[in-house]
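K.L.:
First the structure, which I've put down as structure tokens, then a few questions once you've had a look.
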There are 2 protein chains.
Amino acid sequence: MAIVGLKTGGRILSIQSHVAYGYVGGKAAVFPLQCLGYDVDVVNTVNFSNHSGYGRFGGSRASAEELSNIFNIMLQNELLVPDRLLTGYVPGAEATAAVTDLAKRLRERKPDLIYLLDPVLGDSGRLYVSPDVIPIYQSALPLATIITPNWFEVEVLTGITITDTQSLHKAIRMLHETYHVPHVVVSSIPLKPWLKDLLPSHLRPPSDSSDSSYLACITSSRDGNLVHAQCFPCLPGYFSGVGDLFSALVIGHFPGSNSQAKETATGGETPLSRAVSHALSKTHAMLVLTHEAALALPEEERLVTDEELDAREPMRKIRRMRGRELRLIQGQDIIRGTQPVEYRELQPWTDFWSA
Amino acid sequence: MAIVGLKTGGRILSIQSHVAYGYVGGKAAVFPLQCLGYDVDVVNTVNFSNHSGYGRFGGSRASAEELSNIFNIMLQNELLVPDRLLTGYVPGAEATAAVTDLAKRLRERKPDLIYLLDPVLGDSGRLYVSPDVIPIYQSALPLATIITPNWFEVEVLTGITITDTQSLHKAIRMLHETYHVPHVVVSSIPLKPWLKDLLPSHLRPPSDSSDSSYLACITSSRDGNLVHAQCFPCLPGYFSGVGDLFSALVIGHFPGSNSQAKETATGGETPLSRAVSHALSKTHAMLVLTHEAALALPEEERLVTDEELDAREPMRKIRRMRGRELRLIQGQDIIRGTQPVEYRELQPWTDFWSA
């Protein structure tokens with residue numbers, strides 16, 4: 001009996017953190033990409049017990065030498081043959097430079113490489129990384145096909161504080177023009193009053209909702225000045241690995257350089273907006289699943305954040321973190337598309353640049 | 001809209017090697033277990049570019065201290081809560097001792113832990129590991145629920161050369177009685193004439209086949225002296241990661257301690273024989289898929305083994321290895337059971353012990 005395999009989506013090299021327990025970094029990205037049919041080459045930038053949000057974690061970071069050694073052997077062995085590259089958290093400036101150097105070599109060898117660079121720098125006004133990493137990310141931006149910063153990472157990369165229409169325009173334009181990024185996906189930006197007012201009415205969240213409970217996702221493609229957006233409800237509390245899952249789904253759904261879908265834009269969708277719509281829809285469904293599962297846990301597993309109590313009793317925070325790990329395994333049919341979820345389609349924002 | 005997740009199979013801690021490219025160790029085990037619905041905690045014992053069979057590889061080995069540190073932090077953080085434990089290749093005696101120490105602690109905390117120990121020691125008469133690892137594996141055997149040695153690993157662990165019925169009996173009895181292993185799965189043993197003669201006629205391969213093209217898989221459960229077996233065709237050439245995939249599928253299909261299936265044995269099947277039948281069927285189908293894909297490659301990717309030519313031209317071997325990586329992604333529906341494959345059911349070997 002001949003056995004017929006799934007058609008493969010191609011080969012992705014994923015370079016990010018690894019944790020033994022839970023779903024952040026590679027643990028949040030690799031399984032979804034495999035479910036979508038990609039062979040994933042996995043280089044671990046750290047090997048930790050769990051993510052740092054638990055407060056207590058152990059393990060080791062890969063040095064720049066270790067990473068370069070792995071890349072060089074793969075190169076010598078003709079095993080560095082990805083169609084796509086996905087990079088996330090890398091510990092420190094030297095290791096980030098080693099990853100950027102690899103991206104440069106891959107881009108030279110394969111001009112149509114699809115490189116999604118997720119500049120994991122921080123969130124909500126707080127930098128996760130040492131400031132000397134920032135210029136290295138800036139030097140890497142021209143190598144990327146797509147970047148997926150949150151609003152804070154846009155601010156850090158561009159040096160522009162986003163407070164109004166002008167600053168938002170300026171920041172996105174700088175990413176396209178100064179840093180030559182073809183596709184910018186601002187994964188989440190709080191829906192402050194100025195942004196809500198800026199949004200065309202068909203993109204605004206339902207008027208009975210409080211603004212602070214919604215986030216916006218905005219995509220911008222350099223060619224054709226195409227901007228799309230969608231708002232989505234923000235679930236209470238903090239979930240880890242969400243950005244890593246989202247970025248994996250964006251690159252996983254982005255059409256390949258040989259794909260027919262590449263040039264097709266139907267009903268206002270572009271290849272980028274369609275990929276991001278799928279990524280947003282699936283990520284949001286996974287969050288709802290995770291949130292609902294967390295609500296069903298015993299009370300001591302879901303105590304709300306209280307920095308004073310958390311500091312006095314570390315297990316309080318640890319149990320909360322554990323209860324909020326992504327339900328990636330339980331939601332795998334969402335990733336695969338065999339369990340349908342609400343399609344949160346990004347809509348064209350035609351007058352964005354003239355606003 | 002409420003989103004309903006898959007019922008989870010539980011939580012498995014997998015401790016084995018990691019390679020960036022290809023499918024051996026954790027890369028061959030974790031994705032299949034995730035597809036079967038398990039949350040998998042993944043501790044990497046090495047971080048290599050590719051498996052050692054390529055001849056050239058780079059990366060780092062985790063030290064015993066690094067492994068113990070990760071285990072200890074997970075323990076402190078109440079993240080060491082697996083229902084099942086799967087251990088494979090561990091580099092060196094000290095790291096193996098650290099893993100064995102962890103298995104002991106997990107067994108003490110959870111007497112019904114299902115522990116599948118794959119004693120990765122060697123194959124076809126050649127030891128992969130340093131001999132000082134052997135006594136540590138022997139000391140770990142009483143902690144295991146199931147072990148999955150190949151015939152050579154049975155010889156190494158028991159010190160008994162398997163050449164006839166008596167020596168086979170003696171080796172399996174020693175694993176059950178001296179080392180207290182409840183379930184022994186001899187994953188593959190060449191069908192030499194003495195073994196073919198020993199097999200009941202209904203278990204023998206088709207008579208028109210050459211014996212050397214078949215391997216036998218034999219399972220033995222201590223309680224009830226139940227032995228099962230099945231022969232399966234041996235595909236030409238060497239494939240890596242097959243034992244890692246097989247062991248993952250055995251533990252993935254073995255019923256949990258609360259499962260009804262645990263005590264049910266229908267039509268001559270036992271919970272062990274059924275799990276191994278599924279593992280054998282799916283592993284074999286994956287090999288056929290891989291073999292067929294390799295045959296379709298350009299000639300320079302599938303040159304046969306020739307030690308002299310391989311030594312002169314390392315890329316010759318590397319390209320062959322690359323062409324023979326498991327097609328795990330393309331065959332994921334086989335793992336998941338949504339693509340049906342021939343069920344290679346292990347059959348009771350009722351007169352095994354009286355032969």
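The values are calculated or read from the model by the stated rules, or taken from the named source; none is laboratory data. Everything numeric here is computed off the predicted structure, so don't read it as measured data. Glycine also receives a Cβ, built like all others from the backbone with ideal geometry; neighbour counts cover every protein chain displayed. For accessibility, only protein heavy atoms count, side chains too; no ligands or nucleic acids. Shrake-Rupley method; radii C 1.70, N 1.55, O 1.52, S 1.80 Å.
K.L.:
For the range A:9-17, indicate whether the set of residues that are within 7 Å of chain B (Cβ to nearest Cβ), part of a strand (DSSP E or B) and modelled with pLDDT of 95 or more is non-empty.
P.N.:
No, the conditions are met nowhere in the range A:9-17.
K.L.:
Looking only at the range A:169-184, which residues are part of a helix (DSSP H, G or I) and surrounded by 15 or more Cβ atoms within 10 Å (Cβ to Cβ)?
P.N.:
Within the range A:169-184, A:H169, A:A171, A:I172, A:R173, A:M174, A:L175, A:H176 qualify.
K.L.:
Give all pairs with beta carbons closer than 7 Å in which a residue from the range B:323-350 that is closer than 20 Å to B:L215 by Cβ meets a residue that is open to solvent by 50 Å² or more (accessible area, probe 1.4 Å); count only pairs at least 6 apart in sequence or on separate chains.
P.N.:
B:R324/B:G237; B:E342/A:M1; B:Q347/B:H202
So that you can scan it fast, the table gives a plain yes or no per residue for (1) within 11 Å of chain B (Cβ to nearest Cβ); (2) closer than 19 Å to A:A144 by Cα; (3) in contact with a Cys (Cβ under 7 Å, 6 or more places away or on another chain); (4) open to solvent by 20 Å² or more (accessible area, probe 1.4 Å):
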site	(1), (2), (3), (4)
A:Y23	yes, no, no, no
A:N77	yes, no, no, no
A:L85	no, yes, no, no
A:A98	no, yes, no, no
A:L106	no, yes, no, no
A:D112	no, yes, no, yes
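K.L.:
Would you please list the contacts, defined by Cβ atoms under 6 Å and residues six or more apart or on different chains, that run from a residue in the range B:281-310 that is among the polar types (S, T, N, Q) to a residue that is crowded, with 17+ Cβ neighbours inside 10 Å?
P.N.:
B:S281/B:V341; B:S281/B:R344; B:T283/B:L245; B:T283/B:F246; B:T290/B:L326; B:T290/B:R327
K.L.:
Mind checking which residues of the range B:61-75 are in contact with a Phe, Trp or Tyr (Cβ under 9 Å, 6 or more places away or on another chain) and surrounded by fewer than 19 Cβ atoms within 10 Å (Cβ to Cβ)?
P.N.:
B:R61
K.L.:
Next question, about the same structure. Looking only at the range B:68-80, decide whether some residue is at pLDDT below 95 and either over 28 Å from B:Q332 (Cα atoms) or among the acidic types (D, E) (or both).
P.N.:
Scanning the range B:68-80 turns up no residue that is at pLDDT below 95 and either over 28 Å from B:Q332 (Cα atoms) or among the acidic types (D, E) (or both).
K.L.:
Oh, and also: Suppose we keep only residues that are out of contact with any Phe, Trp or Tyr (no Cβ under 7 Å at 6 or more places or on another chain) and part of a helix (DSSP H, G or I) within the range A:185-207. Which one would you say is least open to solvent (accessible area, probe 1.4 Å)?
P.N.:
A:L195
K.L.:
Taking the condition of being surrounded by fewer than 20 Cβ atoms within 10 Å (Cβ to Cβ) and either in a helix (DSSP H, G or I) or among the acidic types (D, E) (or both), how many residues in the range B:295-324 meet it?
P.N.:
16
K.L.:
Continuing with the same structure: Could you check the range B:114-136 and list, in sequence order, the residues that are open to solvent by 10 Å² or more (accessible area, probe 1.4 Å) and in a helix (DSSP H, G or I)?
P.N.:
Hits for the range B:114-136 are B:P131, B:D132, B:I134, B:P135, B:I136.
K.L.:
Which number in (1) within 12 Å of chain A (Cβ to nearest Cβ); (2) open to solvent by 60 Å² or more (accessible area, probe 1.4 Å); (3) closer than 30 Å to A:L36 by Cα; (4) basic (K, R) marks the one condition that B:R327 misses?
P.N.:
(2)
K.L.:
Same structure, new question: Could you pull out the residue among B:F57, B:F48, B:F31 that is surrounded by 23 or more Cβ atoms within 10 Å (Cβ to Cβ), out of contact with any Gly (no Cβ under 9 Å at 6 or more places or on another chain) and facing chain A (nearest Cβ under 8 Å)?
P.N.:
On inspection, the qualifying residue turns out to be B:F31.
K.L.:
Would you please name the residue that is nearest to the chain's Cα centre (by Cα), looking only at residues in the range B:280-294 that are more than 11 Å from every other protein chain (Cβ to nearest Cβ) and among the aliphatic types (A, V, I, L, M)?
P.N.:
The extreme case among them is B:L280.
K.L.:
Filter the strands (runs of 3 or more DSSP E) completely within the range B:29-113 down to those with at least 3 residues that are of a type outside the set (A, V, I, L, M, F, W, C).
P.N.:
B:38-48, B:59-61
K.L.:
Starting from residues that are β-branched (V, I, T) and out of contact with any helix residue (DSSP H, G or I) (no Cβ under 7 Å at 6 or more places or on another chain), keep the ones in the range A:223-252 and report whichever is nearest to A:L36 (Cα to Cα).
P.N.:
Looking at the filtered set, the residue picked out is A:I251.
K.L.:
Right, A:G37: open to solvent by less than 40 Å² (accessible area, probe 1.4 Å) and at the interface with another protein chain (Cβ under 7 Å from one of its Cβ atoms) or not?
P.N.:
Answer is yes for this residue.
K.L.:
Separate question: For the range A:108-128, which residues satisfy the criterion of being under 18 Å from A:L141 (Cα atoms) and hydrophobic (A, V, I, L, M, F, W, C)?
P.N.:
A:L113, A:I114, A:L116, A:L117, A:V120, A:L121
K.L.:
Which count do you get for residues in the range A:208-221 that are in a strand (DSSP E or B) and either closer than 14 Å to A:Q347 by Cα or at pLDDT below 90 (or both)?
P.N.:
So the answer is 6.
K.L.:
Follow-up question, since we're still on this one. Give the residue that is nearest to B:L249 (Cα to Cα), with candidates limited to residues of the range B:330-347 that are open to solvent by 40 Å² or more (accessible area, probe 1.4 Å) and away from chain A (no Cβ under 13 Å).
P.N.:
Only one residue tops the list, namely B:G337.
K.L.:
Can you report the number of residues in the range A:226-282 which are assigned to a loop (DSSP other than H, G, I, E, B), aromatic (F, W, Y) and at pLDDT below 95?
P.N.:
Qualifying residue count for the region: 2.
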